[in-house]
1. Check the stretch 45-52 and report whether any residue there is under 16 Å from Val78 (Cα atoms), among the β-branched types (Val, Ile, Thr) and touching a residue at least 60 places away in the same chain (Cβ under 8 Å).
2. Of the conditions (1) crowded, with 18+ Cβ neighbours inside 10 Å; (2) on the phi > 0 side of the Ramachandran plot, Gly269 clears all except one; give me its number.
3. Among the numbered criteria (1) modelled with pLDDT under 90; (2) in the same structural domain as Asn263 (by TED's automatic domain parsing); (3) β-branched (Val, Ile, Thr), which single criterion is violated by Ile144?
4. Identify the residue in the stretch 65-90 that is surrounded by fewer than 14 Cβ atoms within 10 Å (Cβ to Cβ) and among the charged types (D, E, K, R) and, among all such residues, is nearest to Lys104 (Cα to Cα).
5. Would you pick out the residues in the stretch 331-370 that are assigned to a helix (DSSP H, G or I), out of contact with any His (no Cβ under 9 Å at 6 or more places or on another chain), at pLDDT 90 or above and closer than 22 Å to Thr313 by Cβ?
6. List the pairs whose first member sits in the stretch 327-341 and is of a type in the set (Lys, Arg), whose second member is assigned to a loop (DSSP other than H, G, I, E, B) and surrounded by fewer than 18 Cβ atoms within 10 Å (Cβ to Cβ), and whose Cβ atoms are under 8 Å apart, counting only residues at least 6 apart or on separate chains?
7. Mind listing whichever residues of the stretch 276-335 are within 18 Å of the chain's Cα centre (by Cα) and among the hydroxyl-bearing types (Ser, Thr, Tyr)?
8. Tell me whether the stretch 276-292 contains one or more residues that are over 25 Å from Leu161 (Cα atoms), surrounded by fewer than 15 Cβ atoms within 10 Å (Cβ to Cβ) and in the same structural domain as Leu185 (by TED's automatic domain parsing).
Amino acid sequence: MKTAFKILLVEDMESFRAAVSQMLGVYNDITETGSLASARSILLKESFDIAVLDKALPDGDGIELLTEIKASYPNTIVIMLTSDSDFSSVKHCMARGADDYVVKSENIIPDLLVRIPIAVSKSASTRRLQSLETLVREVFRYEIVGKSPATMELRETVLSLKGSGANVLITGESGTGKELVARRLNSIEDDKNRPFVALNCGAIAENIIESELFGHKKGSFTGALQDRPGKFEQANGGDIFLDEIGELPLSAQVRLLRAIQENEICRVGDNRIIKITCRILAATNRSLEQMVREGKFREDLYHRLNVVRISTTPLRHRLSDISDLAIMFTLQIGGSNFKISEHAIRALKDYDWPGNIRELRNAIERAVISAKRRKSSEIAFDDITVHSPPETTLQRMRKLEASLPIQLSDLTPNNYREFLESLEREYLKSAIELTGGSAIEISSRLGLARSTTFKKLKQLQINDGRKNTEESKNRELKAKNEGLPQRLM
């Protein structure tokens, strides 16, 4: 992969320059310096796509350099770093030609990850630089975006694995970005042409999975009309991503274990040994530990894959990332002309996203289509729609898990009371489902007085929103005729 942008970073704090270079230098060619004079000397020899300038430098004002850059290199995108968000200071920077600004804070690096592609996209729109807009979509395609503690920790973990070569097991719910993590692990390596080969183990029929992994020899089975390399050969010298590794049949697990142990494979129907060197990035939304206990997954293979463990966090546990993700998806899908309103982002934050990041991206895609239908370039509140199936009991319990205390300040009488009420509500919801809506049967099975059961259901508002279907009317009429309390639907 080619270097994306040439970036000039002018900042007098050496530790900050190092942190920014480590983060942005994965894709970009970064030149860093700490003074106005040094930056001027560099700019005499070469131009840059992006300049990130500190407003306050030891030997002068960064705005002076901003003016000089815009005069000599009008297509260079300039982002100013300011120590405060004082409106007059920001207004001065923008009036002198800055494309954007970032206030220095503990979140400055995640902010830059979001603001740089936004500034580039705006510039592409203004100056008709379509090539830069294409680069934005590709370069930041595999960036892990967000400022939540969980996302920041994930980014640091991924960066720490650069050059390690260790196999990685990526776990987490569907749609939380497990493949994104795998591709990011691949992209941070120094060799930008490093192979990345993906295979969804759950999408391949059991009788051909070994052929897909290891290849086959002509005539080895019906339909094998020619020699064919497998995914491991294609990934030689790079990374192979095995998604849904828990779906891999036991027979294929044996051959996979041997490939890992011996660093060699044989194509199906062939005895020729092929030496391979590749890192395995495996992902699953299932508990491999439980599968090992049940004899459905080999323990020795589990330990070979689980050298380093990375867990992705559900979106409902990091709702603070939604704004950055929504902005990024809007740019990727709608292009530089599109933006998303604050009201629309607020609507996104009011939903708990059981389908995680994948569902959020789909929602943005629908919103872009909706906005275009209105002949608008801004996603509005009414453009946001979600198509989610009814919640399962497991999904409801995951919500309860999210409300457990995680710090001392969470331990309050009110929080405790709300948690107990939520727990009782979910229990009785499941009871309603199991009994077909019969409060009488619930009372009998739980050993509660009927009046107590009805009181609890009313207090917890469990019967709110029940559908007034023909079936429910018939049940209510029957119950009334028999002189019994009506069923809850």
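1. yes
2. (1)
3. Exception for Ile144: condition (2).
4. Looking at residues that are surrounded by fewer than 14 Cβ atoms within 10 Å (Cβ to Cβ) and among the charged types (D, E, K, R), I get Asp84.
5. Across the stretch 331-370, the qualifying residues are Ile345, Leu348, Asn356, Ile357, Arg358, Leu360, Arg361, Ile364.
6. What qualifies is Lys339/Ser377.
7. Thr284, Ser311, Thr312, Thr313, Ser320, Ser323, Thr330
8. yes
The values are calculated or read from the model by the stated rules, or taken from the named source; none is laboratory data. Computed from a predicted model, the values in this text were never measured in an experiment. Please note: Cβ atoms are built from the backbone with ideal geometry, for glycine as well, and neighbour counts cover all protein chains shown.
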